[in-house]
1. Search the stretch 234-257 for residues being part of a loop (DSSP other than H, G, I, E, B) and touching a helix residue (DSSP H, G or I) at 6+ places or on another chain (Cβ under 6 Å), and hand back the single one that is most open to solvent (accessible area, probe 1.4 Å).
2. With respect to Glu438, is the statement that it is open to solvent by 60 Å² or more (accessible area, probe 1.4 Å) and closer than 19 Å to Gly516 by Cα true?
3. Yes or no: Arg514 over 27 Å from Glu450 (Cβ atoms), open to solvent by 30 Å² or more (accessible area, probe 1.4 Å) and charged (D, E, K, R)?
4. Taking the stated definitions as given, is Arg73 surrounded by 14 or more Cβ atoms within 10 Å (Cβ to Cβ), farther than 23 Å from Gln28 by Cα and either modelled with pLDDT under 85 or not hydroxyl-bearing (Ser, Thr, Tyr) (or both)?
5. Among the residues of the stretch 170-183, is any modelled with pLDDT of 95 or more, part of a loop (DSSP other than H, G, I, E, B) and farther than 20 Å from Asn114 by Cα?
6. Please go through (1) in a helix (DSSP H, G or I); (2) closer than 24 Å to Thr52 by Cβ; (3) open to solvent by 10 Å² or more (accessible area, probe 1.4 Å); (4) among the acidic types (Asp, Glu) for Asp133 and return the number of the only condition it doesn't satisfy.
7. So Ser466 passes all but one of these: (1) small (Gly, Ala, Ser); (2) within 30 Å of Phe290 (Cβ to Cβ); (3) open to solvent by less than 10 Å² (accessible area, probe 1.4 Å); (4) not in a strand (DSSP E or B). Which condition number does it fail?
Amino acid sequence: MTVFDPHQATLQRAMSALQSGNGQAAEQLLKTVLRAQSKHITALNLLGIVLTQLGKFAEAESYLRRALRENPRSDATLYNYGIVLKALDRPAEALDQFTAALAINSTVADTWNNRGTVLNALGRHEEAIADFDNAIRLNPRLADPCCNKGKALNMLSRRHEALQAFDAALALRPDLAEAWCGRGEVCWTLERHDEALAACDRALALRPGLAEAWLGRGNVLAKLGRQDDAFAAYDKALALRPDFAWPWLGRGNICVDLKRYEEALSAYDKALALKPDLAEAWSGRASVYFARSQHSDALAAYERALTLKPDFADAWLARGNVLFDLRRCPAALAAYDRAVALKPDLDYAAGCRLAVKLQISDWSNLDAEAAACLAAIRRGKLASTPFDLLPLPSSPADQLQCAKRYVADRTAISPPGRSEIHSHDRIRVAYVSADFGEHPVAYLMAGLYEQHDRSRFEITGISFGSDRTSPTRQRLERALDRFIDVGDKDERAIAELMRALEIDIAVDLMGHTRHGRPGIFARRPAPIQVSYLGFLGTIGADFIDYVIADAIALPFDRQQYFMEKIVHLPHCFLVNDDKLAIAPQTPARTDVGLPADGFVFCSFNNSYKLWPAMFELWMRLLQGVEGSVLWLVKANAEMADNLRREALRCGVDPGRLVFASHVPLAEHMARQRLADLFLDTAPYNAGATAAAALWSGVPLLTLRGETFVGRMAASMLEAVGLPELVTDSPADYESLAMRIAADPEFCAALRQKLARNRETYPLFDTARLTRHLEDAYVTMWQTWQAGRPPAAFAVPAR
C-alpha cells in the first residue's frame, strides 16, 4: 500500500530546481518541507546533498546527521554523510561512514572510490588502491577510480604504474583535467619535463580554475630554471585558492635555490599558517637555517618535520647533512641509514653515506657499497654529489656522468645570450669563492693575488663566505684591486653585479665543493668562465669554458671526460705561496707523541681519502720496518678508534699509530719536519696537504691514478724535481717506501734534494706560475675577442 506524502509536490519542485542548477531555490523548498515535518527522511537527505553542492558543508553535515538518526541503515545517507565529512577535512570520520555504507551495500562503485580517496588522505595508500580496484571492477567505465589510483601509486613512488592509471582514466575521459594534472606530476617526478608541462597545460585548457594544475605547472617551471614563470604560476594557484599551502612551499623552495633566504622563510611561514602539519615546509625552513650555518635551528626544524612525517626520507637525509657538518658523524650515519631504509634510491643518499663512513674510517661493506653507488651513477641515477664521488674508485667517465646529472638537477637556468665584447685597458678577472679566509685554497692563492701584473690585469674578489675578520682574509683584501662581499645577495644579483662590473674572466674557485654556487656561473656573468683549484674534476656544464691543469695532472687525452676545455700550464697547475710561514721552532719528537727514535711515516690527508687497501699496505710497511710508526691527523675520535682496530686486525700494535691534533698551519708545518716520509693516499691524492709537506721539506711518495685528483701529487713531484717518488702500481709504491725506510742514506739524499729544489724548481715559484696563468688568461681573452669558441691549449714555458 502506497503511503501518501503531502510534501511530494514540493519535493518534486525541489528536485527540478536542483536539476536545473538552481540550488538555492531547492534549498528553500526543502527547508519548507522540514519546517512542516522535521524528520522527513527524503527531505533531510536531499537537503544534505543540495547544501553540499552549494559548498555549505557544515550545515549539510547537521542535516545528514539528523537523517542518519532517523535511518541509520541507509547506505545512501551514510555515503552522503561521508562525502560531507571528507569535504570538512575529517577523513577518519568519513572513513567510518563509507565503511558502514559498504557493510550494507558493497556493490556501489562510487562508495569504494570515495573510501579509497579518504584512505589516500590518511596515508593508507595500499588499502586505497584495493578500494579503487574494487570500484573499477564494479564499473570499468568510471574514470575517477583510475585517476585516484594513479594518485595513490604516485604517493607510493610507483611512478610508471601511476602513469598507466592516469592514462587509463584519460582513455575513458579525455576531458578529465585531474588526470592530466596527475600525469603532469608523475612526469615531473620522472624528470620528463616537456611531457609534464604539456600535461599541466592540457589540464588548464580544460579547467583554467584548477589550482592544482597551476601548482604543477609552477613545479615544472621551477625545475626547468624558469623561476619567474614558476612564481607567476604559483601566484595564479593562490589567487584561485588562497587557502592552498603548497604554492607557498613551491615559492619557498625557489627562493632557497636563489639564496633569497628571508623570502624563503616568509613563504614557508605562510604555508605553515595555512597547513601547520606540512612537514615539507618545516623541512624547507630547516634548509634555510642550514644554509646560514644555524645548525641548532636547522635540527629543531627537521625534528618538527620528522615528527609530523616519520617516513620523510628527504628530511632524514638533510638532517644527516646537518649532523655531518657538525662532525657528529655517528648520528649523521644513523640519519642516512634511516633515509635509505625508507627510500633505497633516494637522490644523493648513497654518496652521503659513503662520505660519512670514510670520514670515520668505517669500512664495513665499503667495497660493495661503493660499487653499488658507482653502478647507480652509470645508470644515470643521482646517487652522489660530484664531490662525494671523488674519493671513490671512480673513472673519469663516472665523474663526468655524475657531474652532468648533478648540474642538470641543481642549476637548470636559462643563461643570457653571448656577452658583448668590452674594451678595457686591463683584462678584468674576478675570483669567485666562499673561501677568502682561513682555508687551504686561500693559503695557496694568496701569493698569486699579490703577484698579478696590475698593468695588464684588474683583479676582483667576489666573496660569499662567512670569514670576515681573520688575518688571511685581511691579507687577501689588501692584495686585490677590488674586494666585494656578496654574502647577502642571491645568485641572480651576484651575476648581475659581475655583468655590471664588465668582468672579462670569471674564475670559479669552488666548483662542486660544500659552499660552491655554480648557479652564479650558470647565469653567465662573464664571457669567459674558468674552473681552477677548488674542485679537481669536471663541473659537467657548458657554462664553464676552461679548466686550469697541466700535462701530468690532466693530459689532453682526458678531454673527452671534461665539458671544459683543458688548459695546460707548463709546470704544476697548483699555485703555492712562497711566503707561507713555517713556525721557527721545531718541537721535539716526544713533545708531539712520537717515539724518540725510529722511522716516521706520516699521512696528514683528510680521513675521507683513506681506503682499506692503502691502509693495509701501510700496515705491511710498519711490519717490515722495525720501530717505525705511522703519524696521522686525528679527524675525529671514531676514525682513530676504527683505525686502531684495523691495525690490530692487520697484526700491528695499535700503539704504533700516532694521532696528531689540529694546530695552526705554521706550527703544523714545523712539527711535520719530524716525519721521514709522507705517504700519499689513492685514488684521491693529497693537494694542499702535499704542498705543505714538500714546503716543510718532507719527501712525499705517491701512487699515480687515472683521475685529476689521483694525479695531482705526481704533478707536484715533477715540478719540484722528484719524479722518482711517483709510482704507478701499489707494488711499486710499497717497494719504494720500504727502500726509503730501510736505507737512511737514500732517505737523507731525497730530503737534501728536496731542500735544494724547493728554492729553484717551479713548484714554489709563485711569480712564475702567476705569469703563466696570466698568459693563459690572455689567450682565452684573445680567443673570445676574435669570436672563436673555447679550445684546449698549452701555455708555453717562460
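1. At the first step, the residues of the stretch 234-257 found to be part of a loop (DSSP other than H, G, I, E, B) are 241-244.
Checking which are touching a helix residue (DSSP H, G or I) at 6+ places or on another chain (Cβ under 6 Å) leaves us with 241, 243-244.
Details: Arg241: 82, Asp243: 98, Phe244: 13 Å².
Ranking the qualifying residues of the stretch 234-257, first place goes to Asp243.
2. Values: open to solvent by 60 Å² or more (accessible area, probe 1.4 Å): yes; closer than 19 Å to Gly516 by Cα: yes.
Taking the combined requirement at face value, the residue satisfies it.
3. no
4. Numbers: surrounded by 14 or more Cβ atoms within 10 Å (Cβ to Cβ): no; farther than 23 Å from Gln28 by Cα: yes; either modelled with pLDDT under 85 or not hydroxyl-bearing (Ser, Thr, Tyr) (or both): yes.
Spelling it out, it is not the case that Arg73 is surrounded by 14 or more Cβ atoms within 10 Å (Cβ to Cβ), farther than 23 Å from Gln28 by Cα and either modelled with pLDDT under 85 or not hydroxyl-bearing (Ser, Thr, Tyr) (or both).
5. At the first step, the residues of the stretch 170-183 found to be modelled with pLDDT of 95 or more are 170-183.
After this cut, where a residue has to be part of a loop (DSSP other than H, G, I, E, B) as well, the list is 173-176.
Okay, now just the ones that are also farther than 20 Å from Asn114 by Cα, so 174-175.
Yes, because at least one residue in the stretch 170-183 is modelled with pLDDT of 95 or more, part of a loop (DSSP other than H, G, I, E, B) and farther than 20 Å from Asn114 by Cα.
6. (2)
7. Here Ser466 clears every test but (3).
To keep it simple, each residue is scored yes or no on (1) at pLDDT below 95; (2) crowded, with 23+ Cβ neighbours inside 10 Å; (3) over 16 Å from Ala442 (Cβ atoms).
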| position | (1), (2), (3) |
| --- | --- |
| Arg475 | no, no, no |
| Ala479 | no, no, no |
| Asp490 | yes, no, yes |
| Arg499 | no, no, yes |
| Asp508 | no, yes, no |
| Pro527 | no, no, yes |
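The values are calculated or read from the model by the stated rules, or taken from the named source; none is laboratory data. These figures come from a predicted structure and were not determined experimentally. When we count neighbours, we look across all protein chains shown, and the Cβ atoms used for this are built from the backbone with ideal geometry, even at glycine. Each accessible area value is taken on the protein alone, full model and side chains, heavy atoms only, with ligands, DNA and RNA left out. Shrake-Rupley method; radii C 1.70, N 1.55, O 1.52, S 1.80 Å.
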